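This report refers to the structure that appears directly beneath it.
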Amino acid sequence: MRHVHSVALVGMAALAATTGSAVADPMVAFNTFIPVPADTANVQPGGAFSSFDISFADPVTGNIFIADRSNASIDIFSGSSLTFLGRATGFTGQQATTSVSGADGVLTVTSGGVTTLYGGNGDSTLRVYNATNPAAPVLVSAISTGGMTRVDEMAYSPLTHQVLAANNAETPAYGNLFSTTNGHPTVALTFPSGPPNVFPNNQITVPAGRDRCRGHGAAGLESEYRNVLRFYSGVGRGQ
């Protein structure tokens, strides 16, 4: 039996304030529900869409990508028509712990008419898809990052054409740098400092005792970067 569940889309509303009054409009407003079809990999009761992680909006295409652990995929939605377009499959799905569940981190780069999707998986691999046709993403490469747990937050530098992916559930937490082919690879990615799939000469490790900042009590590498490859690590709960 095929089940369809929904994801809610929330649109930003303008915040209005009046002089001498505390009355203001809501910061956000509900827009609509978008049906999410259950995939054959979905083992949740009733095919529910109940477990998900990071979402990413592609600034070029306007498509929205959501790490859907219930369906062991990254789901793709149109930001304009508010419809489900397709999904990239092959992830670990919802497991006993979030540290080995997938999909996790999500990032896309659209350049020259090609959309490349980067998806972190619960088996410590970075999965790369050509998602130019969102109805049928094609797996380009699955690269081991040398750990035992999820590949999570990611960022892309258009200046250096590199992706930084965080393995925030490892001890110690670390990140890996990957080169892309001008942001839209058609072949397997390679690490900047070595041949393909060599580890760990591309690794950035968070030293013991320095994996906490900004007042967060739980360790775990969280990534915040900008387009000059100003990569730096922050810490959060990263579930």
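The values are calculated or read from the model by the stated rules, or taken from the named source; none is laboratory data. The model shown is predicted, which means the values in this text are computed figures rather than measured ones. Cβ: placed from backbone, ideal geometry, glycine included. Neighbour counts: every protein chain shown.
Scan region 70-88 for residues that are surrounded by fewer than 19 Cβ atoms within 10 Å (Cβ to Cβ) and within 20 Å of residue 43 (Cα to Cα) and the total you get is 1.
The requirement of being surrounded by fewer than 23 Cβ atoms within 10 Å (Cβ to Cβ), touching a Pro at 6+ places or on another chain (Cβ under 6 Å) and either touching a residue at least 24 places away in the same chain (Cβ under 8 Å) or closer than 16 Å to residue 56 by Cβ (or both) is fulfilled somewhere in region 142-157, by at least one residue.
Taking every residue in region 89-104 that is among the hydroxyl-bearing types (Ser, Thr, Tyr) and pairing it with any residue that is in a helix (DSSP H, G or I), at least 6 positions away or on another chain, the pairs with Cβ-Cβ distances below 8 Å are 92/100.
When you check residue 49 against the structure, is it modelled with pLDDT under 95, crowded, with 19+ Cβ neighbours inside 10 Å and under 22 Å from the mean Cα position of the chain (by Cα), yes or no?
Details: modelled with pLDDT under 95: yes; crowded, with 19+ Cβ neighbours inside 10 Å: yes; under 22 Å from the mean Cα position of the chain (by Cα): yes.
Against the criterion (modelled with pLDDT under 95, crowded, with 19+ Cβ neighbours inside 10 Å and under 22 Å from the mean Cα position of the chain (by Cα)), residue 49 qualifies.
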